[in-house]
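Shown next, in structure tokens, is the structure this report addresses.
The values are calculated or read from the model by the stated rules, or taken from the named source; none is laboratory data. Just so it is clear, the model here is predicted, and its values are computed rather than measured. Counting neighbours? That spans all protein chains shown, and the Cβs are built from the backbone with ideal geometry, glycine included. Surface accessibility is based on the protein's heavy atoms, side chains included, excluding ligands, DNA and RNA. Shrake-Rupley method; radii C 1.70, N 1.55, O 1.52, S 1.80 Å.
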Amino acid sequence: MARVRTGVRAMGAVLAVVLGASLVGCSSTGGKRAEERAAAAAEGRAAVNTPRWTFAMVTHSGDGDTFWDIVQKGAEQAALKDNINFLYSHNDEANQQAQLVQTAIDKKVDGLIVSLAKPDAMKAVVAKAVKAGIPVVTVNSGSAESKEFGALTHIGQDETIAGEAVGDELNSRDRKKALCVLHEQGNVGHEQRCAGAKKTFDGTMQNLYVDGTNMPDVTASIEAKLQSDKSIDAVVTLGAPFADAAVQAKQTAGSKAEIDTFDLNAKVATGLQTDKLGFAVDQQPYLQGYEAVDLLWLYRYNRNVLGGGLPVLTGPQIITKDDAGALADYTKRGTR
Amino acid sequence: MSGSTAAPDQLDERLVRTSPLRKLLGRPELGSVVGAAAVFLFFAIVADSFLQASSFGTVLYAASVLGIMAAPVALLMIGGEFDLSAGVMVTSSALISSMFSYQMTANVWVGVFVSLLVTLAIGAFNGFMLTRTKLPSFIITLGTFLMLTGLNLGFTKLISGTVSTKAIGDMEGFDSARALFASTLTLGGVEFKVTILWWVALVGVATWILLRTRFGNWIFAVGGEAGAARAVGVPVIRTKIGLYLGVAFAAWVSGQHLLFSYDVVQSGEGVGNELTYIIAAVIGGCLITGGYGSAIGSAVGAFIFGMTSKGIVYAEWNPDWFKFFLGAMLLLATLLNAWVRKRAEATA
């Protein structure tokens with residue numbers, strides 16, 4: 001018992017030191033206090049009195065993906081407004097994602113939102129949902145398959161069109177040799193983006209695959225590439241967190257390349273403002289979540305179908321230094 | 001027939017003089033050094049930009065980030081255990097540091113300090129559970145790995161509302177902490193990351209512990225045969241907990257590097273890296289069964305890995321085959337390593 005008590009006492013002492021240190025060692029800049037000072041408490045209330053329907057969203061997101069976090073935020077806010085009971089689940093393995101859709105069908109949800117990153121694996125289970133009378137909206141990837149699978153509509157970005165927009169933008173910036181950095185080998189959407197960019201870009205473009213779960217490795221790989229080819233004057237990353245890694249790689253390699261990226265976050269917004277980044281291609285993930293829930297509600301309430309069954313595009317929106325300032329606050333709260 | 005003089009042909013085998021060359025051939029890291037030289041020569045020939053001084057800085061950086069973790073992981077493997085939670089623990093350490101500083105609006109050094117305590121506690125938990133339950137370390141650390149993965153995501157989402165942490169770049173103490181964990185030193189026009197110094201220091205300390213201290217003998221003893229070690233008075237429990245604390249300390253260093261180089265940490269990172277650390281230790285001559293290996297070997301292993309993964313980029317090979325090349329190079333390096341060791345043991 002004595003040993004236990006000394007252990008507890010030691011832990012108490014450590015805790016006291018930690019708390020004491022945190023009080024003494026306060027930072028007068030940044031931190032949560034700054035956020036609290038800035039943020040006004042906003043409370044959401046349902047804007048309609050339709051029955052409380054249950055909508056499920058099943059995506060192919062991996063754990064801890066910032067992009068899907070924003071999609072989810074959009075969906076949750078629409079759900080709050082539309083008086084919807086919103087269920088979210090995700091798995092980056094197609095087979096597991098299909099099983100999650102099956103559980104939503106088993107739960108007899110009133111609406112289903114699903115992403116079709118691996119369409120073949122999802123085909124059967126989406127057909128099952130449609131057969132069970134559940135209205136389905138597809139989001140993000142799968143614009144080509146959506147209608148064929150029996151979904152009401154598709155909300156997202158056409159990856160090839162987004163890539164083509166990047167190629168055009170690089171042309172207008174007089175770039176000659178670009179690098180397309182893919183952080184997930186085997187992701188069809190990523191390949192389409194780089195292929196689209198290659199199609200419209202007048203210069204030459206190469207692909208570089210990096211290990212997205214290991215940031216220092218991403219930096220070192222881009223660094224190595226920039227060192228081996230000094231003529232590269234543009235680097236395009238396919239996700240916001242990788243843009244910062246590219247900026248660091250550029251500095252170490254002493255390269256003059258412009259760093260551009262897909263997607264937006266707070267760091268990208270600041271990077272654009274401070275000229276560390278050239279431009280960002282935003283596909284507005286918030287819209288993908290928000291509109292998906294809202295469209296299901298409209299369908300349930302009024303049998304409306306936006307886009308007449310054709311895909312509704314949320315991007316690409318090219319964001320440069322001029323727009324970045326206005327978006328910075330929204331990126332900080334995690335909705336852009 | 002006096003007992004004071006022994007016939008020369010009956011000398012104890014431990015007292016037999018061995019030539020320096022033979023001694024060298026018996027070192028665990030020799031095979032990997034040969035492998036490293038082969039990989040180096042290979043890329044020096046096929047990739048033009050591989051021999052540039054600036055490329056050397058990049059390769060060393062890639063190797064150091066891995067090597068910082070590979071050194072204590074090698075010691076742990078010599079001690080006969082695994083740590084599958086090492087990769088995610090790095091992310092945990094960075095998250096704790098960032099979130100504590102941010103939520104408490106504290107000087108970032110406070111977060112760094114708290115993170116050290118918590119990370120060491122996780123290491124102690126691994127060691128304590130292992131020695132208490134007597135379950136294999138594979139199971140114990142697999143459990144920790146999964147729990148940490150979940151905690152990283154869950155806590156980050158709960159506290160910051162998103163899956164990545166808030167930026168702490170504008171907080172007090174950030175610049176000095178960055179200088180320690182993530183600065184860049186310029187030597188002769190070439191930029192070197194400070195992680196290289198951390199790496200050299202950690203490998204140095206690990207080698208000293210292994211070869212010059214009593215604790216080092218204990219590590220070899222518990223990895224060779226824990227029961228026999230206990231019988232001759234080696235504190236097996238303390239040694240194993242100590243080894244897990246070593247891994248936790250290195251995870252803390254790596255985690256702080258991650259945080260202070262990118263300012264924001266993503267909670268889903270780090271999964272899969274634990275295998276890379278083990279691979280580096282194995283290439284460096286550590287036996288998976290324990291009892292044999294060296295810390296310098298882990299550094300050579302990390303260096304091979306760094307050269308291979310970056311050399312492929314320098315060589316501008318078709319990126320579709322990237323993973324295949326990486327795997328093939330690693331396999332070749334390890335085979336060469338094993339072959340040299342076998343030759344060395346046969347002639348010894």
Please work out the ratio of the alpha-carbon Rg of segment A:97-160 to 2.2 N^0.38 Å and round it to two decimals.
1.00
Amide H of A:I259 versus every other amide H placed in the peptide plane: which residues, excluding those fewer than 5 positions away on the same chain, fall under 5 Å?
A:V235, A:G278
Peptides A:46-58, B:293-305, A:285-297: what's the order by average Cβ count within 10 Å, highest mean first?
B:293-305, A:285-297, A:46-58
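Residue separation times 0.36 nm, minus the C-alpha to C-alpha distance between B:S19 and B:V205: what's the value? Numbers along the way, then the final one.
On the way: separation 186, 0.36 × 186 = 66.96 nm, distance 2.76 nm.
Net length gain for the segment: 64.2 nm.
Between chains A and B, what is the buried accessible area in Å², counting both sides, with a 1.4 Å probe and ligands, DNA and RNA left out, to the nearest 100?
Buried area (both sides, nearest 100 Å²): 4300 Å².
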Over segment B:245-306, volume per residue of the alpha carbon convex hull, in Å³:
103
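Only sites in a loop by DSSP and with at most 14 other Cβ atoms within 10 Å count here; which GluC sites (Glu not before Pro) in segment A:105-191 make the cut? Could you put the intermediate results ahead of the total?
Values: sites: A:E145, A:E148, A:E159, A:E164, A:E169, A:E184, A:E191; in loops: A:E145, A:E148, A:E184.
Of the GluC sites (Glu not before Pro), the ones in loops of segment A:105-191 whose Cβ has at most 14 other Cβ atoms within 10 Å are A:E148.
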Averaged over B:265-273, number of beta-carbon atoms from partner chains that fall within 10 Å
5
With a point put 7 Å past each Cα toward its Cβ, work out how far A:N49 is from A:D202 in nm, to one decimal.
6.2
Which of the cysteines in chain A are isolated, no other cysteine C-beta under 4.7 Å?
A:C26
Heavy-atom accessible surface of segment A:264-336: percent carbon and sulfur, 1.4 Å:
50
Give the average, rounded to an integer, of partner chain Cβ atoms located within 10 angstrom of each Cβ in B:149-157.
1
Separation of alpha-carbon centers, segment B:100-178 and segment B:200-277, rounded to whole Å:
17
Which residue, A:T274, B:L211, B:A182, has the largest displacement toward the positive end of the dipole of the protein assembly as shown when charges sit on each Cβ (Lys, Arg +1; Asp, Glu -1)?
B:L211
For A:K198, A:K177, B:K134, what's the largest-to-smallest order of accessible area, 1.4 Å probe?
B:K134, A:K198, A:K177
Pop out the ³J(HN,Hα) list for segment A:59-67 in order, Karplus 6.51 cos²θ - 1.76 cosθ + 1.60 with θ = phi - 60°, rounded to Hz; leave Gly and Pro as x.
10, 9, 5, x, 5, x, 8, 5, 4
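Please identify the trypsin sites (Lys or Arg not before Pro) of segment A:276-312 that satisfy two criteria: DSSP loop assignment and at most 15 other Cβ atoms within 10 Å. Which are they? Walk me through the intermediate numbers first.
On the way: sites: A:K276, A:R300, A:R303; in loops: A:K276, A:R303.
Taking segment A:276-312 and a limit of 15 other Cβ atoms within 10 Å, the loop trypsin sites (Lys or Arg not before Pro) found are A:R303.
I'd like the mean, over residues of A:55-64, of how many other protein chain beta carbons sit within 10 Å of each residue's own Cβ.
Working: counts 0, 0, 0, 0, 0, 0, 2, 2, 10, 14.
Mean shielding count: 3.
For chain B, with all protein chains present and a 1.4 Å probe, just round the carbon and sulfur fraction of the accessible area to a whole percent. Provide the component values of the computation, followed by the final result.
Details: 10550 of 15250 Å².
Summing carbon and sulfur atoms, their accessible area is 69 percent of the total for chain B.
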